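To start, the structure under review is shown below, and the notes come after it.
The values are calculated or read from the model by the stated rules, or taken from the named source; none is laboratory data. Bear in mind the structure is a predicted one, so any value in this text is a computation, not a measurement. Note: ideal-geometry Cβ built from the backbone for every residue, glycine included; neighbour counts use all protein chains shown. Only protein heavy atoms, including side chains, enter the accessible area calculation; ligands, DNA and RNA are left aside. Shrake-Rupley method; radii C 1.70, N 1.55, O 1.52, S 1.80 Å.
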Amino acid sequence: QVQLVESGGGLVQAGGSLRLSCAASGTIFSINTMGWYRQAPGKQRELVATMTSGGNTNYADSVKGRFSISRDNAKNTVYLQMDSLKPEDTAVYYCRHNTWATGHVYWGQGTQVTVSS
C-alpha cells in the first residue's frame, strides 16, 4: 500500500503561481511514475503531468511551458510548479502513484486549485 498526501492548493489570481507537493509513504518500489491529474466540475479527470523515477516527463499540451513537474526520489515526493495560471486551470488536483512492478495505482485525496479572473 502507498499513501499519498497532497498540499499546496489554494486560491490565486490569474497570472499567479502555486506549487503543489505530494508525499508518498508506505511500501514504495524504486521504479515508479508519479504525477498529477485534475478534474474540473462536470469534466473527466485528465492528465496534467507525470514523471518517472528515471526522470522522464510527460505534460498535457494545455500546461506545457507554464507548469513544471519535479521529484525528490529520496523523499518520495513529487512537485508541480504552476505558473501563469489561468481560470481554466481551476480544478481539484490529484496526485497519482503507479508502481511498475505490480501495476498498482494509488491516488491522493485531491487538493483544490482555484484561479480567479
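With 0.36 nm allotted per residue and the present C-alpha distance subtracted, the Trp100-Thr52 stretch has 16.3 nm of extension available. Using the Karplus relation 6.51 cos²θ - 1.76 cosθ + 1.60 with θ = phi - 60°, the per-residue 3J(HN,Hα) values for the stretch 95-106 come to 7, 10, 10, 10, 8, 5, 5, 10, x, 5, 10, 10 Hz, with x marking Gly and Pro. The Cα-based radius of gyration of the stretch 1-56, divided by its Kirkwood radius, gives an Rg/Rh of 1.02.
As an exercise, use a Förster radius of 35 Å and the Cβ-Cβ distance of Ala60 and Gln3 to find the FRET efficiency, rounded to the nearest 0.05.
Working: r = 26 Å, r/R0 = 0.73.
My answer for the efficiency is 0.85.
Among 31-39, 6-14, 48-56, sorting by the average number of other beta carbon atoms lying within 10 angstrom of each residue, highest first, gives 31-39, 48-56, 6-14.
A simple spin-label model places pseudo-atoms 7 Å from Cα toward Cβ; at Arg19 and Lys75 they are separated by 0.9 nm.
Leaving ligands, DNA and RNA out of it, rank His97, His104 by accessible area with a 1.4 Å probe, largest first.
Numbers: His97 0, His104 95 Å².
Of His97, His104, the descending order of accessible area is His104, His97.
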